[in-house]
Amino acid sequence: MNIKIILMKIFFREYNFYVYILGSISGTLYIGMTNNLFRRMSEHKNKLVEGFSKKYGCDKLLYYEYFEYVENAITREKQLKNWNRKKKEFLIKTQNPHWEDLFSNLLKE
């Protein structure tokens, strides 16, 4: 990220929200929402988040979507949580057919 973008983010305070799907080695899926995907993924990867994702080892970022408005992110998170597993798997496969951990992509952005 170049210095101009960093300064613009500091001075003009962009709002970013993400809905994401994590997976575990056993295949368990977890859906969450955050305003800082990099920070949140670091917390998941380091097992700093108590609850479902830590209990079931969900720390592999399989899918994420960006939203400018929190209301839209919350609505989408609720929608995805109500989907059956087959529909969630199809969504993941459309963007990430090999179910790779997308966290490394965040490091490049």
Filter result (crowded, with 17+ Cβ neighbours inside 10 Å and among the aromatic types (Phe, Trp, Tyr)) within the range 65-77: PHE67
Residues (more than 13 Å from LEU29 (Cα to Cα) and surrounded by 15 or more Cβ atoms within 10 Å (Cβ to Cβ)) located in the range 88-100: ASN96
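Yes/no matrix, rows are residues, columns are (1) at pLDDT 95 or above; (2) loosely packed, with under 13 Cβ neighbours inside 10 Å; (3) under 25 Å from LYS108 (Cα atoms):
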| position | (1), (2), (3) |
| --- | --- |
| ILE3 | no, yes, yes |
| PHE11 | no, yes, yes |
| LYS45 | no, no, yes |
| GLU50 | no, yes, no |
| LYS60 | yes, no, yes |
| TYR63 | yes, no, yes |
| GLN79 | yes, yes, no |
| LYS86 | yes, yes, no |
Check on LYS47, in contact with a Lys or Arg (Cβ under 6 Å, 6 or more places away or on another chain) and over 20 Å from ASN16 (Cβ atoms): yes
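The values are calculated or read from the model by the stated rules, or taken from the named source; none is laboratory data. Keep in mind that what you see is a predicted model, and the values were worked out from it rather than measured. Please note: Cβ atoms are built from the backbone with ideal geometry, for glycine as well, and neighbour counts cover all protein chains shown.
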